[in-house]
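A short write-up of the structure that comes next.
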Amino acid sequence: MKKLGLCFPRLIIFISTAQMAVAQIAAVKVIVNVPYDTATGKHVYVAGSFNGWKAGDSLYQLKRGDDGVYSITLPLFNDKHYEYKYTRGNWSSVEINCHDSDIHNRAFVSANGLVVTDTVAAWKKETKAEPSPQMARINAMKDSTISALQPQLNEMVNLLKSYVQNWLSDNPSDRVQKKLNKEAEKNINHIFEQIVQLLGNVMATLSPGQKAELKKLISTPQEKNDFINILGNGLQKVTSNSK
């Protein structure tokens, strides 16, 4: 297997590019009043053309104020048309109108200092379907892999801390960074191998017909999803009627 190395210079280039683009960024504050029956502690998100329409993106989770009103400040490109909706984490709990029908996308043109105030009339009633036995087995394999990888994931966090501490020292050490690079590369390779093994085990549970259907689903262009979401949704669909 080809090893996956880290490329921190790319991170520095990205940060520099972002700094040069600051002048084009508009800070737009979004404020929303939610229905009275929104459970306390239930997260509220904004999803739109600015984040690929991801319904439960943690970077777009609104903060609840003491008055029960939710808000977030969005860093957006200036003078650009954006469309969006509010959700409670997925599209099965998206905002709807008071007659329980879908609403049109909300929209605004970004400008620095713009404040957008909205009111959600109601939330779509979230329904949760029980996974099929086959999907339950796949979920169990996924959970087992995540549990087994937790030590490596924790180690990656510790390594990032060590990187930062080295960079912030009076005399950053190239030797220390090279050592950290090797440790990080080892962890990344192990994590990737476990994920590949998990996907291989999942594919082995599929029938020839399910594989053909999944292949068709993941080959269909879908602008509002990434590959991970397409694959996950595809697995849900092809296993929904399994026994």
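The values are calculated or read from the model by the stated rules, or taken from the named source; none is laboratory data. Since the model is a prediction, treat every value here as computed from it, not as a measurement. Glycine also receives a Cβ, built like all others from the backbone with ideal geometry; neighbour counts cover every protein chain displayed.
Pairing residues of region 201-213 that are in the same structural domain as Asn233 (by TED's automatic domain parsing) and surrounded by 15 or more Cβ atoms within 10 Å (Cβ to Cβ) with residues that are basic (Lys, Arg) and assigned to a helix (DSSP H, G or I), at Cβ distances under 7 Å and at least 6 apart in sequence or on separate chains, gives Thr205/Arg137. Every test in (1) in contact with a Ser or Thr (Cβ under 6 Å, 6 or more places away or on another chain); (2) surrounded by fewer than 15 Cβ atoms within 10 Å (Cβ to Cβ); (3) part of a loop (DSSP other than H, G, I, E, B) is passed by Ala55 save one, and that test is (2).
Just to be sure, is Ser144 modelled with pLDDT of 90 or more and either in contact with a helix residue (DSSP H, G or I) (Cβ under 8 Å, 6 or more places away or on another chain) or surrounded by fewer than 17 Cβ atoms within 10 Å (Cβ to Cβ) (or both)? Criteria met by Ser144. Screening Val120 with (1) closer than 30 Å to Lys85 by Cα; (2) exposed (fewer than 12 other Cβ atoms within 10 Å of the Cβ) gives one miss only, at (2).
Checked against the criteria, Asn187 counts as in contact (Cβ under 8 Å) with a residue 24 or more places away in the chain and either buried (at least 16 other Cβ atoms within 10 Å of the Cβ) or closer than 30 Å to Leu206 by Cα (or both). Of Asp118, Asp79, Asp102, all but one fail to be assigned to a loop (DSSP other than H, G, I, E, B), closer than 18 Å to Trp53 by Cβ, assigned by TED's automatic domain parsing to the domain that holds Arg64 and more than 23 Å from the chain's Cα centre (by Cα); the exception is Asp102.
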